[in-house]
1. Would you point out which residue out of I383, I390, I450 is part of a helix (DSSP H, G or I) and at pLDDT below 95?
2. Residues that are within 16 Å of the ligand (Cβ to nearest atom) and assigned to a loop (DSSP other than H, G, I, E, B): does the range 68-76 have at least one?
3. So which residues in the range 232-260 are buried (at least 24 other Cβ atoms within 10 Å of the Cβ) and either of a type in the set (K, R) or within 15 Å of the ligand (Cβ to nearest atom) (or both)?
4. I'd like to know if the range 428-442 contains one or more residues that are charged (D, E, K, R), in a loop (DSSP other than H, G, I, E, B), buried (at least 22 other Cβ atoms within 10 Å of the Cβ) and at pLDDT 95 or above.
5. Based on this model, can you work out whether D179 counts as surrounded by fewer than 22 Cβ atoms within 10 Å (Cβ to Cβ), over 18 Å from the mean Cα position of the chain (by Cα) and farther than 23 Å from E404 by Cβ?
6. Go through (1) within 30 Å of K354 (Cβ to Cβ); (2) of a type in the set (D, E, K, R); (3) under 25 Å from the mean Cα position of the chain (by Cα) for K298 and report which single condition fails.
7. If a residue has to be away from the ligand (no atom under 11 Å from the Cβ), assigned to a loop (DSSP other than H, G, I, E, B) and either among the hydroxyl-bearing types (S, T, Y) or within 22 Å of E434 (Cβ to Cβ) (or both) to count, how many in the range 201-231 make the cut?
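The values are calculated or read from the model by the stated rules, or taken from the named source; none is laboratory data. Keep in mind it's a predicted model, so treat the numbers as computed, not measured. Positions of Cβ are generated from backbone atoms using ideal geometry, with glycine treated the same way; all protein chains shown enter the neighbour counts. When the accessible area is computed, the model is the full protein with side chains, heavy atoms only, and any ligands, DNA or RNA have been set aside. Shrake-Rupley method; radii C 1.70, N 1.55, O 1.52, S 1.80 Å.
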Amino acid sequence: QLGIEYTKEQNFSKWYQQVITRSEMIEYYEISGCYILRPLSYFIWESIQNFLDPRFKKNGVSNCYFPMFVSEAALSKEKDHIAGFAPEVAWVTKSGKTNLPEPIAIRPTSETIMYPSYAKWIHSHRDLPLCLNQWTNVVRWEFKHPTPFIRTREFLWQEGHTAHATTEEADVMVLSILDYYADCYKELLAVPVIKGRKSEEEKFAGANYTTTVELYVPSNGRGIQGATSHQLGQNFAKMFDVWFEDKAGQKQFAWQTSWGFSTRSIGAMIMVHSDDKGLVLPPRVAQIQVVIVPITYKDDDSNTILAKAEEVYNSLKAAGVRVFLDDRENYNPGFKYNHWELRGVPIRLELGKKDIEKGEVRMVRRDNGDKAQMKQEDLASEIPHMLNKIHNDMYERALKTRDEHMKEASTWEQFMEALNAKNIVQTPWCNVQECEKKAKDKSKEESLKIMEQAGEEEEVLTGSAKTLCLPFQPQTPLVAGEKCFHCGEEAKIKALWGRSY
Ligand SMILES: O=C1CCCN[C@@H]1CCCn1cnc2ccccc2c1=O
């Protein structure tokens, strides 16, 4: 029973690896970049599915399942979006000892798998909107250093793909899905996000525009893309001949969207909330929300204590709380405290002789360590409220930390200073793609210099800064006449920049 041997502050990547393995969320696997999702983390994925799926359905989306294989011809139909991704595509070339006549790709995403059928199914405006989603795994053979949940060669996600008669309808769909994603992070994972649009440089090449929810990781000051929702315009419709006859009998290309939310969200949630004692789970995704630890010693009357513990267990279970009674005899209370703290259980209830005599239990919060004596008869009503309070406090703390590390800069010097102090930075920006490319390169050079001087032992993932998004609600609005922080041209918009995963 080993605790966490690294601190989040001193060695973030080793700390993260130990938290996810010693809490029994992840097991390592023989194929690099692939990991086993054990029950504790799979429960979180199921909670995310149970949050998002009803919302998709309420929005007129139906679930379906398309094959995971796609021919080279179909995959390269959308040439320019594939171009950048081609090295990541995994191919099946043999069955047994026999070579396949044609190599078959394993889906990295399903546009090219689904849209030939969209073309077959859509002929009239009456066939629209067509709104399908699938909960699947996808494979992308990444070469960058893998990180469980965050960057893996196989991951779970949902991918929604809709077709509409008008661009306005597609816009509404894109933003309603983005709101579900933001709600999921806030209401389920207690993680604050920034909603915005991706720059031309960062958006999905096949889209007219990409919207995103961006998160902040305090430990290394990096941004993480939390989920994306794309307005594809008619780009894929023209490629895959997805057209319909409109009310006037005119042939029109459909307006499409696609959107995805993946198991990366679980890694981001761990990075934001967990601490040096291990996992800290937001109550709504904790498989065990309350653990009861009876404190019995040889001499005293442990039967009374265990009987009372059973009562508390039953009253919480009846109140719909996910509760566990740890009545293992072969471990002492202290061992059990560490065991459940490591696994992120939001509330521990300690039940000793004195507590019984006073009709109380000792309640201990995992997120902030607060302790309180509670009346046993109040538990069934108080604990659900306490779980909600824990959720809200976790969210507020993460929001405060994020806002403390979201700075503004109007010059390159201010920008780099803020960036190197583990901040994300909002700036007036010219919104020119070339300018972003140059700022990316320049920030990389400057951080390489710093790294050489500092001799960082922590491998810096990439030193370059890029736009995380163009926030829908920037911290402060653009002031007329403001100049781009990097190139000095007329600023057109506020951009949020950061180093990222
Ligand atoms: O984000 C989403 C949301 C879900 C549906 N797909 C879109 C766009 C995926 C962009 N993408 C991302 N990696 C890839 C990797 C290999 C081949 C193709 C791709 C690729 O098209």
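1. Only one candidate qualifies: I450.
2. yes
3. L232, F236, Q256, T257, S258, W259, listed by residue number.
4. Checked against the condition, which is being charged (D, E, K, R), in a loop (DSSP other than H, G, I, E, B), buried (at least 22 other Cβ atoms within 10 Å of the Cβ) and at pLDDT 95 or above, the range 428-442 yields no hits at all.
5. No, not satisfied.
6. Among (1) within 30 Å of K354 (Cβ to Cβ); (2) of a type in the set (D, E, K, R); (3) under 25 Å from the mean Cα position of the chain (by Cα), the lone unmet condition for K298 is (3).
7. 4
A quick yes/no check of all residues on (1) more than 16 Å from the ligand (Cβ to nearest atom); (2) open to solvent by less than 20 Å² (accessible area, probe 1.4 Å):
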{"residue": "L130", "(1), (2)": "no, no"}
{"residue": "T136", "(1), (2)": "no, yes"}
{"residue": "A165", "(1), (2)": "yes, no"}
{"residue": "A170", "(1), (2)": "no, yes"}
{"residue": "V174", "(1), (2)": "no, yes"}
